[in-house]
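Data block below; observations after.
We did not get these values from a lab; they are worked out from the coordinates using the rules stated. Please read all numbers here as calculations on a predicted model, not as lab measurements. So basically every Cβ, Gly included, is an ideal-geometry build from the backbone, and we count neighbours across all protein chains shown.
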Amino acid sequence: MSSVQYVLGIECTAHTFGCGVVSSEGTVLSNTKAEYVPKTGGIHPREASQHHAAKASATIRDALKEADLRLSDVDAVAFSAGPGLGPCLRTGATVARMLSLLSSKPLVPVNHCIAHIEVGRMVTEEEDPLVVYVSGGNTIVSAFSDGRYRIFGETLDIALGNCLDSFARSLGLGHPGVPKLESLANEGRSFIPLPYVVKGQDVSYSGLLTMAVRKIEESDPHDLSLSLLEVAYGTLAEVTERALAHTEKPSLLLTGGVARSPRLQRILESVCQEHSSRFYVVPPDLAGDNGAMIAWTGYLALKEDLTAPIETSYIRPKWRLDEVEVPWRR
Ligand code: AMP
Ligand code: MG
């Protein structure tokens with residue numbers, strides 16, 4: 001019998017229903033997804049969860065087919081138990097529990113934020129980076145210390161991606177907002193002052209968003225987009241630089257959906273050059289929410305017997321990353 005193990009991961013925290021299969025050797029065998037795109041406005045949690053329920057079986061079937069495995073070949077079923085939107089998390093958890101029951105394989109709850117970090121460590125093979133995790137729902141600077149991923153800076157209100165996506169919608173740009181905003185900003189020429197908010201090691205984006213939206217009528221959209229990105233990325237770079245200096249980590253890993261931003265990559269890369277640190281970005285197909293990152297983190301947890309009985313496999317919509325013990329990094 002082969003000693004290679006396979007874990008199937010279900011991602012279902014917000015806009016994406018994802019299913020990934022990875023091997024214990026760290027190979028991504030498949031990573032399929034279906035994304036809910038609201039017709040107008042931001043994510044409607046119930047509509048998103050209905051979308052995920054409708055897409056789940058086809059997405060899982062495709063993932064198994066692409067991996068060339070049957071459900072019975074899988075050694076565990078991992079799912080993102082939080083943080084995220086309650087209705088979406090419940091749909092994902094229900095699907096994962098069903099797969100676990102059908103296959104008689106253990107169920108492994110995974111923290112979504114930790115999965116964004118672990119998939120980055122997996123592909124870069126970088127052991128101990130400082131991590132900048134930026135997405136639609138999260139903005140966190142984190143480093144591993146004393147058994148857990150500790151937070152060395154986060155947003156006090158809305159996430160970076162949420163701020164930029166909301167502003168992009170106000171400008172009438174479609175989805176996804178960040179790349180569209182970046183294209184506009186590339187034509188920007190002058191800087192429009194906007195509130196630059198850093199409190200200790202934390203950032204804040206809601207006042208920045210309000211002010212940027214207020215200035216739409218009176219401003220050139222290219223200049224305004226450029227200014228918003230400069231301020232939003234600038235505050236994040238400031239707290240990242242202090243975290244790098246304080247933790248003395250040898251490298252920086254950029255992960256999460258907004259990690260695909262070339263502008264943010266350039267800014268953080270220059271911070272790393274100042275500190276003689278190595279700079280890594282998660283590859284685009286693993287940057288946004290996906291099932292493979294849940295599967296891989298599920299495998300790491302499975303090795304530590306961190307499985308959950310169906311009856312107590314609760315979802316945790318507000319589950320912070322620094323609440324989780326990380327025994328696989330002992
Ligand atoms: P996530 O929640 O991790 O899936 O990330 C979603 C965020 O990624 C949203 O704010 C999107 O606008 C942003 N995003 C999507 N595509 C890109 C891209 N090519 N470059 C930068 N950000 C992106
Ligand atoms: Mg995410």
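Is it the case that some residue within region 225-242 is in a helix (DSSP H, G or I) and among the aromatic types (Phe, Trp, Tyr)?
Yes.
Just the residues that are more than 24 Å from Arg46 (Cα to Cα) and assigned to a strand (DSSP E or B), please, taken from region 90-110.
Leu107, Val108
Within region 152-183, take every residue that is aliphatic (A, V, I, L, M), in a helix (DSSP H, G or I) and within 17 Å of the chain's Cα centre (by Cα) and give me the one that is surrounded by the fewest Cβ atoms within 10 Å (Cβ to Cβ).
Checked region 152-183; the qualifying residue surrounded by the fewest Cβ atoms within 10 Å (Cβ to Cβ) is Val178.
Hey, could you check region 187-206 for residues that are closer than 30 Å to Glu35 by Cβ and in contact (Cβ under 8 Å) with a residue 40 or more places away in the chain and say which is surrounded by the fewest Cβ atoms within 10 Å (Cβ to Cβ)?
Ser206
Of all residues in region 251-298, which are more than 14 Å from ligand 2 (Cβ to nearest atom) and closer than 11 Å to Ala115 by Cα?
Listed by number, the residues that qualify are Ala295, Trp296, Gly298.
Could you go through region 277-292 and let me know if any residue there is of a type in the set (Ser, Thr, Tyr), within 16 Å of ligand 1 (Cβ to nearest atom) and in contact with a helix residue (DSSP H, G or I) (Cβ under 6 Å, 6 or more places away or on another chain).
No, the conditions are met nowhere in region 277-292.
I need every pair where a residue in region 54-69 that is touching a residue at least 24 places away in the same chain (Cβ under 8 Å) has its Cβ under 6 Å from the Cβ of a residue that is among the small types (Gly, Ala, Ser), sequence separation at least 6 or different chains.
Cβ pairs passing all conditions: Lys55/Ala34; Thr59/Ala34; Ala63/Ser30; Glu66/Ser30; Ala67/Ser30.
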